[in-house]
Each structure stands twice: as C-alpha cells, then as structure tokens.
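What follows is a single structure, written as structure tokens, with notes after it.
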C-alpha cells in the first residue's frame, strides 16, 4: 500500500457534486453530518473545494451540462482520490435511463478523463444513511 | 459610471447542494442586476414519461424532486383520476393527507435548518435536522422508505396505515410540538436573527402578484393563496386548519410563515389520524379514456401543477409539469436587486428554491454567453450592411 493511500484512508475529506440528482441523495448525505449520524467524529468532512478533497461524492446520473463540469472537478482533485457514486442514478442512470439529456453514469464520465480512476458504488434510491456509511467503510477497507 | 463587477456564484458552490449558476452584477457592495442560468439538472422527465405507462409515471414523477416526493405524484395522480373519472375511497384521501403533511413538516424543518446554515447559525441547522429525524422515522414506519414514499397510486393508495399505528402517529406529533416550539421561539426572539433577516430581500405584494409567486413565498408577501383551501383535494376540506399569511414580504416573514405552518400541519395530521374512516383504500381503474386533465397540489414550496393528455392508450401522450420553484425563482430579480452581496445568499435561499424541479432547457451561444440573434436582428444587420456599402459606393463614384 502506498503511503498516499494509507493517508487517504485515515480521514477522508469529501467534496459533494450534484450532477443531476433529485435532491434525495443530497439531503441524505447532509443528514450524515447532522447529530444523529455525525460522521465528522470519524474525520469525514464536507469541504468547499475539490482541491481540498480526498474523495468526490457524486449524486445523480450525469446530464449533458454537468458532464464537463464533473470532469473538470475530477481534474482539480488531488490524486489519488476516490469517487463515490451514490444512488441508483449515479451508478446506472436509474429511472432516467431513457432521458435524452443524460450522458452518465458517473463511472463512464470519470473514466473518459482517467481510465485508472477508483469508482465505488453505493446503490439505492436513495441509499439510507446507514448504507452510505457502510459503503464508505467497505470501500476504504478494500483500498 | 461606477465600475461594475460580475460575481459568479456556482455552478458548483459550497453553499448550494444543487448545481445552479447566478451572475451578480455589483457596484461596490450593491447588487444592481442578476442573471440566472439553469439546466444543469435537466433530465428530460416530460420526455421520459411519454415512454412509460400511466402507473410507472407515478414513480418517475416521484423522482422529480426528492423533497416534494409526495406532492408531484399526487398532482399527477389527480390529473389522471380526473381523466378517468375515478371516485377515490375516503380512507385513501386521509392517507394521502397524512403523508403529504408529514412531507411538509420535514421540508419546512429542513429549510429552517438550511436557512440557519446560510446565515452562519450552524446550531439552528443541527437542532432542526435533529428534530426532523422522528418525522422521517415515522414516514419509514408507515411507508417503508425515509424519503421516496411511493404511497399514492392511481385510484387510491398502495399501502394502508394500520389502525394500530394511529396512536403512534398522535404520539410522535405530540412529541414534535415542544422542539418545534423551541425552534420557533429561538428564531422569533433572537436579536441576531432579527437583525439579519428583517427587512432583507423584501418582495412586495405588487411584485409577488407581478411575478405570480406561489406557496410560502406568496403567503409571506400578503397574498393568501393555498391550493389546499382554494381547491381542496385529499381530505383538506374535512379538517380544521388555517392559512398562515404575513404582510412584510421579507425573509423573516417567510421563515415565520414556514415555522407556523409546521404547527398547522401537525394539527391536520392529528385530526386525520383521529377521524380516518375504515374501508377500502383503492378503487379499480380499468382504462384511461382519451382526453386531457390537470391536477394541482400545494407542495411545501407552492403550487405544483401537472397536465396530462391521453389518446386512450396506456401512456400519456403529453405530460407537462410546472413546479413551484419555476415561478418563484424569477422573483429573485425583485427581491435581490438593491441588496448588499452578503444578503443575497439568504434571499436566494428564502424561497426554498428547488432546481431539480425547475430545470428547463434553453439554447444560448455557449462560447460567449450572448443571446443568439433573433430574425429581426439579422434583418437589421443585413440592412445596415447594405446601407454601409451603398454609402461607400456613393463616396467612390463621387470621388
């Protein structure tokens, strides 16, 4: 294990990107910061810029407008970084599969920039906060 | 002329959950003009819904917006029921009312928390979201999911709430009153919040009418409109409640309207849980005849409006959605211009904008961000060029 990955696993700071989600995953994500789940006690923190982030949390199947922005945000994130695709839409475009404005899913868009990118999937519509915590824990253990 | 600066906010900005892009034109600290550019969230839902059959569309419209995920399906279902002429059983109407009001409570508390976060009062955020949890738990108990309830269906409801759960609903609602009281008092009595929100982002009654705003945004500007009272659906005409209005139109009034509406919602739920009749929860729907219909519902943010046209097949031929934020967002031009930059974020947040509902697509020249020439502009350009050439020719022949 490289020391960079070791450092990443310690307390991942995340940047949240909404690429065309319906808000559900987003409010469940914010829920994680509030007293009931409070993931800050594990050192997981939402940050305001991708340049400070160890992980990107992407919600929503990627729309045409959002795709170039997502790629740009990915380029700005220091490597190595982990991309969490949260929710069915981010994993597979979900119910919006037939939409003409959807380019996604997230892994396809990210891998156009970096074929080596680490993408983790947390499915569910929306995944429960417990499921998100479990997904992050499993993902970090697998690194 | 003073120097004009453009401040871009977004599309990905730490303050916003969703991607949207505002351009503020400022002179010094004062906002003189603003522009909004959307469609980062446009998913083409109206198009997708024309490829699905009537029952499936319910689940699609549920995912228009995660916070209005009971209001959008209900508006759509009411349109289809109107089309098919279905008589919905009484018990289903009460069930719909309970789910919709629980949704309103969780949405308003969520807003109160986020508003606290926007003005730098993270304590309010943490408190509000903590006391929102019991509501989500209750929703999970009665519908199976914390946020996407998938309860209403064409002709009734998919799941019943057993009568044994009704006392539990009453108990949760009773337990919700003291914390909500505390939050309301904390907001209404706090001198800092007064100083920060009073007189900020005023939307006058004239402007509210001019921009046709709906929901709490309109009610805080002294326009007493509420679909629940004006065109009762579900069981709203069978219970006692009142429409909350304020005349000031500032952000504080919007906060007060939302916080007081929570108590009205609690009252409605308690009364529904008490009065709910026994009986079937769904009516049989055989086929949807050709025709067109509309359904509207008072979502937490205002009136949401669905139009459905059918040709007698099993899919809608046309489905049109007009969500509350779509009419509330343009009112930013009335409430933000003239403010200082620091007040803009709370003013923007005060209508509780929901961009996933609002997204439409518009074509602009992406390189320059300029508007595309209209036909008349092109004709004028062409005429000007001819004139210029003629002048040049004339000069040459004269020489």
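The values are calculated or read from the model by the stated rules, or taken from the named source; none is laboratory data. Being a predicted model, the structure only gives us computed values, none of them experimental. Every residue, glycine among them, receives a Cβ derived from its backbone with ideal geometry; neighbour counts consider all protein chains shown.
Tabulated data for the structure shown
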item	result
Evaluation of residue A:95 against (1) in a helix (DSSP H, G or I); (2) facing chain B (nearest Cβ under 9 Å); (3) under 13 Å from the mean Cα position of the chain (by Cα) (one fails), failing number	(3)
Residue list for the range B:46-89, restricted to those being buried (at least 20 other Cβ atoms within 10 Å of the Cβ) and without any contact (Cβ under 8 Å) to a residue 60 or more places away in the chain	B:48, B:60
Qualifying residue in the range B:108-120 (condition: within 12 Å of chain A (Cβ to nearest Cβ) and not in a helix (DSSP H, G or I))	no
Candidate set: the range A:103-143, residues that are closer than 23 Å to residue B:136 by Cα and in a helix (DSSP H, G or I); chosen: the one farthest from the chain's Cα centre (by Cα)	A:130
Entirely in the range A:2-86, the helices (runs of 4 or more DSSP H) that have 1 or more residues that are within 11 Å of chain B (Cβ to nearest Cβ) and either touching a helix residue (DSSP H, G or I) at 6+ places or on another chain (Cβ under 7 Å) or touching a residue at least 24 places away in the same chain (Cβ under 8 Å) (or both)	A:24-31, A:66-76
Pairs, first in contact (Cβ under 8 Å) with a residue 24 or more places away in the chain in the range B:145-159, second crowded, with 21+ Cβ neighbours inside 10 Å and in a strand (DSSP E or B), C-beta under 6 Å, six or more apart	B:151/B:157
Residue B:92, sole failed condition from (1) within 13 Å of another protein chain (Cβ to nearest Cβ); (2) in a helix (DSSP H, G or I); (3) in contact (Cβ under 8 Å) with a residue 60 or more places away in the chain	(1)
Given (1) over 30 Å from residue B:333 (Cβ atoms); (2) in contact with a helix residue (DSSP H, G or I) (Cβ under 6 Å, 6 or more places away or on another chain), number of the condition residue B:109 does not satisfy	(1)
Criterion violated by residue B:47 - all others in (1) at the interface with another protein chain (Cβ under 7 Å from one of its Cβ atoms); (2) at pLDDT 90 or above; (3) farther than 23 Å from residue A:126 by Cβ satisfied	(2)
Hits in the range A:98-116 (condition: modelled with pLDDT under 90, over 14 Å from residue A:17 (Cα atoms) and either within 14 Å of another protein chain (Cβ to nearest Cβ) or touching a strand residue (DSSP E or B) at 6+ places or on another chain (Cβ under 9 Å) (or both))	A:98, A:99, A:100, A:101, A:102, A:103
Residues of the range B:304-336 satisfying the condition of being surrounded by fewer than 24 Cβ atoms within 10 Å (Cβ to Cβ) and part of a strand (DSSP E or B)	B:305, B:307, B:309, B:310, B:317, B:318, B:320, B:321, B:322
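Every residue, every condition in (1) touching a residue at least 60 places away in the same chain (Cβ under 8 Å); (2) assigned by TED's automatic domain parsing to the domain that holds residue B:274; (3) crowded, with 18+ Cβ neighbours inside 10 Å, yes or no:
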residue: B:190; (1), (2), (3): no, yes, no
residue: B:194; (1), (2), (3): no, yes, no
residue: B:198; (1), (2), (3): no, yes, no
residue: B:201; (1), (2), (3): yes, yes, yes
residue: B:213; (1), (2), (3): yes, yes, yes
residue: B:235; (1), (2), (3): yes, yes, yes
residue: B:244; (1), (2), (3): no, yes, yes
